[in-house]
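The structure appears right after this line, and notes come after that.
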Amino acid sequence: MIRTVRQLWTLLTPLERRRSLLLAGTMLMVGLAEVTGLISVVPLVAVLTSAVDPCARLGAPAAGVCTRLLPTRDPYVLAGLAFALIAFSNLLAFVVTWLSARLTWAVWRRLSGRVFDAYLSKPYEYFFDVHSSAVVKNVVFETERFANLVFMPVLILVSRIIVTLAVVLLVLAVDPSVSLGVILLMAALYAGVYRQLQGRVRKSGDVAFNARERISGIATETVGGVRELRMLGCEAHFAGRFRSASHTLARQYVYGVVVSVMPRYVIETAAFALMLGLAVYLSHKLGGWQTAAPLLAFYVFAAYRLLPQFQQIYVNAMLLQQNARIVETLAGLTAPGKSPPAPRDAGSAAVPLNPPIRLQVVTFRYPGIATPVLERASMEIPARATVGLVGATGAGKSTVIDLIAGLLQPSEGTIWLSGARLDAEAALAWRRRIGYVPQVPFLLDDTIRRNIAFGLPDEAISQPAVERAARLANIHDFITSLAEGYDTLTGERGVRLSGGQRQRLVIARALYRDPEVLIFDEATSALDQETEQAVMDAIR
């Protein structure tokens, strides 16, 4: 658990750490208010039972507070005072809860953005081994679980420990011989259960983490491949996989709930028996119920406040164990040094196009694969030339394109642009001068206009440039024939359009920024021969 808390601390900014420490100070005030509220019960019960000098039995520090709370023996005044102190204590506790919630969700808002930025800064090849659903899960759901089930429990844990220590110190000051044994017994029961179960709870949390990943992946793949599912009639197979993963996840959640509440019922039963024994003991020791009543009321009220605190400490400690994997994952994603070097600005890294783009003895291996997909390849592409890469499937044509675009860096060899090395730092500026059309068109679930002017806010979109690009891609007439024109929604991944229409929209996107270099990766495979020729003639 300590390791998890340390990792959590590294995920916080300096400001969030300071706010956490200030919150801990407020929690200390809650603890002091709890103690004062407890003491205020003694004089009230003493007056109601006509006990003599009840404050003397509380011990020196508490007795002084008790005496100050007993300026009168009017039960109405004392009842009002006790109520006011306890209400103030609860009000402070509410304020702490409110501040904790604000801090928790501020941390979530920043952390989710930080994790999202961390993914965006990863090198292109990082995503070869990462399922898209895992990215969505970590950015959206695991950061939310971090806020709800890790950060908030830590705040609650600290709060409950502070309040518990304050009440325990007060109870020990009243009667160390009786209080120490009772408190140690309660603490030992919770600590023993925690020690026995922490490993199993951690393992259960890991199983749940993996099950959530499987569920997310199955759902993403099912929706993305719904046409193939329908054609092959294999819906039942995917539904079965989903149910199996969700069953595993549900089992782990049930286990977590049972483990969290299990000690409570045992310890509450034991505490009730202890209170009965304590009542008999105090009555015998102090010479009767009337004399023992104030002190017994104090102990009963102390137990009433302490038992939930012990339970909350245990529950939130278990939550930390169960969700430690989340902290490890997020800490790994956002750790310093995991991202590639920051790219230079486009203006400061301009690369002339003449002389040619040159690949010099370039070899490339995909991560985890020993055999190179491209080995000792050399070629030149002159400026303003049209070059086609021809080869068998798997020959490395798309890999060459990704290398030229700066998406990948060679395992060996060098790519030169007018005598300058195309490295990771220069790649962003270089890509801003490229219009790229992939093999598989990607469209946002948005308007045609925003899909052509991809990645630009509405105020930065030039409608004349959008229409010019659409005309060059031979799709303007189709768009204007639609009822909504350029405001027509394409659907997720362009599902409302045909394959050829999607391809032409992506070509228009590549042409929108008037690039100096055009890269087509089998970009006209879904077009008929006449349309393909028209597009190629327009962009030459």
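The values are calculated or read from the model by the stated rules, or taken from the named source; none is laboratory data. Here the structure is a predicted model, which means the values were calculated and not measured. In this analysis, Cβ positions are derived from the backbone assuming ideal geometry, glycine residues included, and neighbour counts consider all displayed protein chains.
Among the residues of region 197-240, write down those that are more than 29 Å from the chain's Cα centre (by Cα) and of a type outside the set (Asp, Glu). Answer for region 197-240, where residues must be more than 29 Å from the chain's Cα centre (by Cα) and of a type outside the set (Asp, Glu): ARG227, LEU229, ARG230, MET231, LEU232, GLY233, CYS234, ALA236, HIS237.
In the list SER481, SER498, which residue meets the criterion of being among the polar types (S, T, N, Q), modelled with pLDDT of 90 or more and surrounded by fewer than 13 Cβ atoms within 10 Å (Cβ to Cβ)?
SER481
Kindly evaluate GLY217 against the criterion of being in contact (Cβ under 8 Å) with a residue 40 or more places away in the chain and either in contact with a Gly (Cβ under 7 Å, 6 or more places away or on another chain) or surrounded by 14 or more Cβ atoms within 10 Å (Cβ to Cβ) (or both). It is true that GLY217 is in contact (Cβ under 8 Å) with a residue 40 or more places away in the chain and either in contact with a Gly (Cβ under 7 Å, 6 or more places away or on another chain) or surrounded by 14 or more Cβ atoms within 10 Å (Cβ to Cβ) (or both). Counting only residues that are part of a helix (DSSP H, G or I) and of a type in the set (Lys, Arg), region 392-432 holds 2 of them.
When LYS338 is tested against the conditions (1) at pLDDT below 90; (2) surrounded by 14 or more Cβ atoms within 10 Å (Cβ to Cβ), the lone failure is (2).
Here's the yes/no breakdown for (1) closer than 20 Å to PRO14 by Cα; (2) under 23 Å from the mean Cα position of the chain (by Cα); (3) modelled with pLDDT of 85 or more; (4) of a type in the set (S, T, N, Q):
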| residue | (1), (2), (3), (4) |
| --- | --- |
| LEU81 | no, no, no, no |
| LEU99 | yes, yes, yes, no |
| ARG110 | yes, yes, yes, no |
| GLY113 | yes, yes, yes, no |
| TYR124 | no, yes, yes, no |
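Scanning region 145-161 turns up no residue that is hydroxyl-bearing (Ser, Thr, Tyr), assigned by TED's automatic domain parsing to the domain that holds ILE86, surrounded by fewer than 20 Cβ atoms within 10 Å (Cβ to Cβ) and in contact (Cβ under 8 Å) with a residue 24 or more places away in the chain.
Restricting attention to region 487-497, the residues that are farther than 11 Å from LEU444 by Cα and in contact (Cβ under 8 Å) with a residue 24 or more places away in the chain total 3.
With respect to the conditions (1) among the aliphatic types (A, V, I, L, M); (2) under 38 Å from the mean Cα position of the chain (by Cα); (3) within 22 Å of ALA473 (Cα to Cα); (4) part of a loop (DSSP other than H, G, I, E, B), LEU389 lacks only one, and its number is (2). Scanning region 472-512 for residues that are in a loop (DSSP other than H, G, I, E, B), on the phi < 0 side of the Ramachandran plot and not aliphatic (A, V, I, L, M) yields GLU484, THR488, THR490, ARG496, SER498. If we scan region 434-445, do we find a residue that is at positive phi and of a type outside the set (A, V, I, L, M)? Among the residues of region 434-445, not one is at positive phi and of a type outside the set (A, V, I, L, M), which makes the answer no. When ARG344 is tested against (1) part of a loop (DSSP other than H, G, I, E, B); (2) of a type outside the set (Ser, Thr, Tyr); (3) at pLDDT 90 or above, only condition (3) is not met.
Scan region 351-372 residue by residue and report those that are out of contact with any strand residue (DSSP E or B) (no Cβ under 6 Å at 6 or more places or on another chain) and either surrounded by 14 or more Cβ atoms within 10 Å (Cβ to Cβ) or modelled with pLDDT of 90 or more (or both). Once the filter is applied, which keeps residues that are out of contact with any strand residue (DSSP E or B) (no Cβ under 6 Å at 6 or more places or on another chain) and either surrounded by 14 or more Cβ atoms within 10 Å (Cβ to Cβ) or modelled with pLDDT of 90 or more (or both), region 351-372 yields LEU353, ARG365, TYR366.
Among the residues making up region 1-35, those that are more than 22 Å from the chain's Cα centre (by Cα) and not aliphatic (A, V, I, L, M) are GLY25, THR26, GLY31, GLU34. The residue of region 505-526 that is surrounded by the most Cβ atoms within 10 Å (Cβ to Cβ), among those that are at pLDDT below 70 and touching a helix residue (DSSP H, G or I) at 6+ places or on another chain (Cβ under 7 Å), is ALA523. In this entry, ILE434 is excluded by the filter for residues that are crowded, with 18+ Cβ neighbours inside 10 Å and more than 25 Å from ASP129 (Cα to Cα). Does ALA187 count as part of a helix (DSSP H, G or I) and in contact (Cβ under 8 Å) with a residue 24 or more places away in the chain? So ALA187 fits the description; yes.
Only one of the numbered conditions (1) touching a Gly at 6+ places or on another chain (Cβ under 8 Å); (2) of a type in the set (Ser, Thr, Tyr); (3) modelled with pLDDT under 90 is violated by THR222, and that is (1). The residues listed here are GLY199, GLY205; of these, the one that is in contact with a Lys or Arg (Cβ under 9 Å, 6 or more places away or on another chain), within 21 Å of MET1 (Cα to Cα), assigned to a helix (DSSP H, G or I) and among the small types (Gly, Ala, Ser) is GLY205. Taking the criterion of being modelled with pLDDT of 80 or more and either small (Gly, Ala, Ser) or loosely packed, with under 14 Cβ neighbours inside 10 Å (or both), the residues of region 11-36 that qualify are THR13, PRO14, LEU15, ARG17, ARG18, SER20, LEU21, LEU22, ALA24, GLY25. Take the conditions exposed (fewer than 15 other Cβ atoms within 10 Å of the Cβ) and either within 19 Å of THR334 (Cβ to Cβ) or in contact with a strand residue (DSSP E or B) (Cβ under 8 Å, 6 or more places away or on another chain) (or both) and apply them to SER177. Does it pass? Criteria not met by SER177. Per the listing VAL315, VAL261, the residue uniquely exposed (fewer than 14 other Cβ atoms within 10 Å of the Cβ), assigned to a helix (DSSP H, G or I) and modelled with pLDDT of 75 or more is VAL261. Only one of the numbered conditions (1) of a type in the set (A, V, I, L, M, F, W, C); (2) within 30 Å of SER132 (Cα to Cα); (3) surrounded by 16 or more Cβ atoms within 10 Å (Cβ to Cβ); (4) modelled with pLDDT under 90 is violated by ALA303, and that is (2).
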